[in-house]
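Enquirer: Would you mind keeping the following structure in view while I ask a few things?
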Amino acid sequence: MVTNNDFVVQCPSGSYGEECAATCSDHCAGDQNPCHHVNGTCDLGCDPGYQGSSCTQEYPVVDGLSEVTLKSSRHKNKWSSFFHSLSCGETFM
């Protein structure tokens, strides 16, 4: 966010923070990796294999789930806690 005298100008897509000096994570979902212009949280969730508000934490993508399924969910970060709760060799179907 850039302040210009008495008003605030929103950062361009892909950047955030004071003077728009910070760059959004490369793993934010969507074109041009959009994130919140003030705090950098990913507006559209994370790309498959990433989690966290800024999509900086990696987690394994589980074979058998399509990338389309994960990308279509705004709440795909919730999948990660489910997958991490499975034991090795355990299935979820």
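Enquirer: Fewest first, what order do Asp31, Asp43, Asp26 take by the number of other Cβ atoms within 10 Å?
Expert: In order of increasing Cβ crowding within 10 Å: Asp31, Asp26, Asp43.
Enquirer: Give, in nm to one decimal, the length gained when the segment between Gln32 and Gln10 is fully stretched (0.36 nm per residue of separation minus the Cα-Cα distance).
Expert: Values: separation 22, 0.36 × 22 = 7.92 nm, distance 1.56 nm.
Net length gain for the segment: 6.4 nm.
Enquirer: Between Glu18 and Ser53, what is the label-to-label distance in nm when each label sits 7 Å out along the Cα-to-Cβ direction?
Expert: Distance between label points: 1.8 nm.
Throughout, read-outs are computed from the coordinates displayed, never taken from laboratory work. None of the values given here were measured: they were computed from a predicted structure. Cβ coordinates were reconstructed from backbone atoms using ideal geometry, including for glycine residues, and neighbour counts include every protein chain displayed.
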